[in-house]
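One structure is given below, encoded as structure tokens.
The values are calculated or read from the model by the stated rules, or taken from the named source; none is laboratory data. Predicted, not measured: the structure shown is a model, and the values here were computed from it. Quick reminder, even Gly has a Cβ in these numbers, built from the backbone with ideal geometry, and neighbours come from all protein chains shown.
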There are 2 protein chains.
Amino acid sequence: MPDAPATAPRATFASLGERGLIRRFRAALPARPDVLVGAGDDCAVVAWSDAEDLVLKSDPVMEGHHFLPGTDLRRVGRKALGRVLSDFASMGAEPRWALVDLVAPAETPAEAADALYEGIGALAREHGVAVVGGDTSRGDALELHVFCAGAVPHGAAMLRSLARPGDSLWVTGSLGRSFESGRHLDFPPRLREGAWLRERGRRACIDLSDGLASELWHLARESGVRLVLDPAAVPLSETCAAMPDPIAHALGDGEDFELLFTVPPDDAGFADAFRLAFPGTRCTRIGTVGETLAGGLVLCGPGPGARELPQGGFDHFETATTTGESER
Amino acid sequence: MPDAPATAPRATFASLGERGLIRRFRAALPARPDVLVGAGDDCAVVAWSDAEDLVLKSDPVMEGHHFLPGTDLRRVGRKALGRVLSDFASMGAEPRWALVDLVAPAETPAEAADALYEGIGALAREHGVAVVGGDTSRGDALELHVFCAGAVPHGAAMLRSLARPGDSLWVTGSLGRSFESGRHLDFPPRLREGAWLRERGRRACIDLSDGLASELWHLARESGVRLVLDPAAVPLSETCAAMPDPIAHALGDGEDFELLFTVPPDDAGFADAFRLAFPGTRCTRIGTVGETLAGGLVLCGPGPGARELPQGGFDHFETATTTGESER
């Protein structure tokens, strides 16, 4: 009997992954001449006035995916706003106004909403953000979609595309096992650090939501450079350091919400200045920016034995379907 | 045997309803002095520059609620953006930049996203809106959360609170059975009409998403006035006029996405001017604004036999649980 005719496997959300879907649409999305940074960076940036650009970002937090059922809802509310604020931090931008779309089963007790808004409100007040609206609708599981608008001085936003040969690569905080330690709920968005970096001189910056390996690749691709990571230098969280293969977790776990950024070679005093400004925030040099390279590349080195770093970041669609890992 | 001790019924999202939840939080939300209009109107408005205020709005579209499974996804995408643009229309504002949070099952074919973005993109291009980002995540049913930012001349936004005694009440288009006729998917957001009304002189305006009765009550409450509706004057859609009790549908069905607004008594030439500017858009006088009245009131009149209009609008949580009506 002849073989059945071959059919190409049908592309799905799972097979394309979140980034595949974004790539699929990025070029076809309706544009405007005032859009300075569109889909593909941490936030969108549009021209508004001579003094300031408008910065826009939305992020979801889904039950069973970004938090487990039974989690204290104040911490869930805090995370929902915190994820967006972390994106603002990576641009060196100031978040100002937020909208919250809440999805919940009809039988959800009103106290659940109280707790969510308490968590959102506490973090919003801490950073001077007003909650100016949103919507509530019925769904099978709890979800929050937080949108935030804010500002950055005109033309000053830090971008993924600004890494230059000769820069060094740095990261705030310590990485890995954020989901297990609870830090993925309680992390402090690095807004002050981000604004300080931007004021010291525009540079490449990205926040670590998907895992260091994945974010290094974003930086390399968007800047068109070779990055060389020194894996021994990667700062490990306490929970991570206790694991059998800590560097794998630090590279792949995601949800650290720290900043990965570059420092230009002429800024010799950077480390001391950062320590003075933020004595409570660890800041570690983890690699260098090599030469310009179309398409980008990340090497796990240093030295002649360096090999290409597997991307291994967390993808919101790919993880569960291709590896069977537990959701987060 | 004694009765079991009485316990107060526990408040849930269903028992409070969408508006009850909003009332619960409105006062406690974090604020900023630059917020001109916060939660509770069609859009939020914040001060940005001397020339323009920034306008912000988000709206969800949920499968099984705002559209049925099997609906052409281009129309679903169009509706998702259209709902938000209709809110901008009601303020007389110009939408400029949109973000789309998409939730979908992992096995969703990539063509579904193509169709959604085609629908969003076509309407966005028609109104000069750029899609500048968003997020994609996994969930049980299809959802779109569209966020939009735009502008209105400083201090000129039309609000629910601007109805004044002596004004007349008007509505664009014709109402009722929008879900059955398919108009809830294909409606044209009244952006040009809204901008024209705002330029002619600031006034009260609201878009008809929840049903005329419900929106009349919003207007009455937020303005603190008595409204008198002439039910015989309400313009009925063709699908609605064929029903046994058409006025009940026109008052309660919702999802018309037309504009309900006031005209001041000194604007005698209004009807002719509107007809000249928008020959394709019906515009009907349906009532009057009576005297100032704390708390607001809507009468179904006219004449001495007028009675209080039941609110009967559509509430996203209350409908299915309290009346057993089919979802929309």
Take the conditions modelled with pLDDT of 95 or more, over 14 Å from B:Met91 (Cβ atoms) and more than 14 Å from the chain's Cα centre (by Cα) and apply them to B:Asp135. Does it pass?
no
Selection over segment A:21-39 where residues are more than 8 Å from chain B (Cβ to nearest Cβ) and over 22 Å from B:Glu126 (Cα atoms) yields a count of 1
Can you pull out the residues in segment A:264-299 that are over 17 Å from A:Gly201 (Cβ atoms) and of a type in the set (Val, Ile, Thr)?
A:Thr281, A:Thr284, A:Ile286, A:Thr288, A:Thr292, A:Val298
Within segment B:40-58, considering residues that are touching a helix residue (DSSP H, G or I) at 6+ places or on another chain (Cβ under 8 Å) and β-branched (Val, Ile, Thr), the one nearest to the other protein chains (Cβ to nearest Cβ):
B:Val45
Can you pull out the residues in segment A:286-295 that are under 19 Å from the mean Cα position of the chain (by Cα) and either surrounded by fewer than 17 Cβ atoms within 10 Å (Cβ to Cβ) or at pLDDT below 95 (or both)?
none
Among the residues of segment B:230-249, are any in contact (Cβ under 8 Å) with a residue 60 or more places away in the chain and within 25 Å of A:Asp135 (Cβ to Cβ)?
yes
Which one of these does B:Arg74 not meet: (1) crowded, with 22+ Cβ neighbours inside 10 Å; (2) away from chain A (no Cβ under 11 Å); (3) within 24 Å of B:Gly134 (Cβ to Cβ)?
(1)
Taking segment A:102-123, which residues are under 23 Å from B:Val37 (Cα atoms), out of contact with any Leu (no Cβ under 7 Å at 6 or more places or on another chain) and within 7 Å of chain B (Cβ to nearest Cβ)?
A:Tyr117
Take A:Ala130 and tell me if it is surrounded by fewer than 21 Cβ atoms within 10 Å (Cβ to Cβ), modelled with pLDDT of 95 or more and of a type in the set (A, V, I, L, M).
no
Determine whether A:Glu143 is modelled with pLDDT of 95 or more, under 30 Å from B:Ala141 (Cβ atoms) and crowded, with 23+ Cβ neighbours inside 10 Å.
yes
Looking at A:Asp50, A:Asp114, A:Asp34, which is the one that is at pLDDT 95 or above and in the same structural domain as A:Glu143 (by TED's automatic domain parsing)?
A:Asp34
Residues that are among the small types (Gly, Ala, Ser) and outside any helix (DSSP H, G or I), drawn from segment A:119-138:
A:Gly128, A:Ala130, A:Gly133, A:Gly134, A:Ser137
Considering each residue of segment B:156-178, count those that are touching a Lys or Arg at 6+ places or on another chain (Cβ under 8 Å) and assigned to a strand (DSSP E or B), and give that number.
4
For segment B:139-155, give me each residue that is over 13 Å from B:Ala89 (Cα atoms) and either assigned to a strand (DSSP E or B) or among the small types (Gly, Ala, Ser) (or both).
B:Gly139, B:Ala141, B:Glu143, B:Leu144, B:His145, B:Val146, B:Phe147, B:Pro153, B:Gly155
Residue count, segment B:250-277, condition surrounded by 15 or more Cβ atoms within 10 Å (Cβ to Cβ), outside any helix (DSSP H, G or I) and without any contact (Cβ under 8 Å) to a residue 24 or more places away in the chain, comes to 0
(1) farther than 28 Å from A:Asp210 by Cβ; (2) within 12 Å of chain A (Cβ to nearest Cβ); (3) surrounded by 17 or more Cβ atoms within 10 Å (Cβ to Cβ) all hold for B:Val152 apart from (2)
Can you confirm whether B:Leu219 is touching a strand residue (DSSP E or B) at 6+ places or on another chain (Cβ under 7 Å) and part of a strand (DSSP E or B)?
no
Under 20 Å from A:His127 (Cβ atoms) and of a type outside the set (Asp, Glu): is that true of A:Gly211 in this structure?
no
Flag for B:Val35 being surrounded by fewer than 24 Cβ atoms within 10 Å (Cβ to Cβ), within 19 Å of A:Ala151 (Cβ to Cβ) and without any contact (Cβ under 8 Å) to a residue 40 or more places away in the chain:
yes
Of everything in segment B:185-205, what is out of contact with any Lys or Arg (no Cβ under 9 Å at 6 or more places or on another chain), of a type in the set (D, E, K, R) and either buried (at least 20 other Cβ atoms within 10 Å of the Cβ) or outside any helix (DSSP H, G or I) (or both)? Give them in sequence order.
B:Arg190, B:Glu193, B:Arg198, B:Arg202
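Matching residues to (1) in contact with a Leu (Cβ under 6 Å, 6 or more places away or on another chain); (2) without any contact (Cβ under 8 Å) to a residue 60 or more places away in the chain:
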site: B:Glu126; (1), (2): no, yes
site: B:Ala130; (1), (2): no, yes
site: B:Arg138; (1), (2): no, yes
site: B:Leu142; (1), (2): no, no
site: B:His145; (1), (2): no, no
site: B:Ala157; (1), (2): no, no
site: B:Arg160; (1), (2): yes, no
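Condition check ((1) within 8 Å of chain B (Cβ to nearest Cβ); (2) surrounded by 24 or more Cβ atoms within 10 Å (Cβ to Cβ)) across all residues:
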site	(1), (2)
A:Pro60	yes, yes
A:Phe67	no, no
A:Lys79	no, yes
A:Gly82	no, yes
A:Ser86	no, yes
A:Ala93	no, yes
A:Arg125	yes, no
Please go through segment B:100-118 and give me each residue that is of a type in the set (A, V, I, L, M, F, W, C) and part of a helix (DSSP H, G or I), ordered by number.
B:Ala110, B:Ala112, B:Ala113, B:Ala115, B:Leu116
